[in-house]
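Here is the structure we will look at.
Just so it is clear, none of the values below were taken in a lab; they were calculated from the coordinates. Bear in mind that the values here come from a model prediction, so they are computed numbers and not experimental data. Please note: Cβ atoms are built from the backbone with ideal geometry, for glycine as well, and neighbour counts cover all protein chains shown.
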Amino acid sequence: MLFPFYHFPLTGRRTGEDMWEPKGVLSSMNRFNLKYNVKIMEERRRKLRNNMTHAEVILWNCIRRKQIHGVRFRRQFSIREFIVDFYSPELLLIIEVDGPTHFTDEEIEYDRYRQCELESLGLSFLRIRNEDIYKNIDGVVKAISLQVESILILKKTPSLSPPVRGR
């Protein structure tokens, strides 16, 4: 494993036994057969929620309670062995807040690896720097709003390819 200090193994339990059961929109996660919000990571998620950075708190107050296009975001949400800052199950959108610790060579490499792994599951990423949140929160919220809006439009647009007919 490239990053053993970030690895949280999910083995040793049967599927479903340690998973939070999805309802409604979260069932879209099932199509990827993902393990998310597993019980063994619950304490770590709780610690992260209770010790959010100042930038994360500012952003959370702007996106919580369906403030952006009626879309719900969850904070400190785990997908497989990763915990993401904010996640919208409806849009399959991850928002990551990058502070000073994310700019070391080791962290940059890990963030790339993590992002590639999650994007390979069909999830999209939006990265925001602490500095942008502190200096231009309105611009950050507008960028998130535009991203959410474009995903919502794509979800409503029918496929442009012709339907496949059976023989």
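Observations on the model:
- Residue among Ile151, Val71, Val140 farthest towards the positive dipole end of segment 35-155, charges placed on Cβ: Val71
- Beta bridges per DSSP with both ends in segment 65-134, % antiparallel, nearest 5: 60 percent
- Computed over segment 35-155, relative contact order equals 23 percent, with contacts defined as Cα pairs under 8 Å that lie 6+ residues apart.
- In segment 35-155, one over the average inverse separation of all distinct C-alpha pairs is 14.8 Å, which is the Kirkwood hydrodynamic radius.
- Ranked by the mean number of other Cβ atoms within 10 Å of their residues, highest first, the peptides 123-129, 76-82 come out as 76-82, 123-129.
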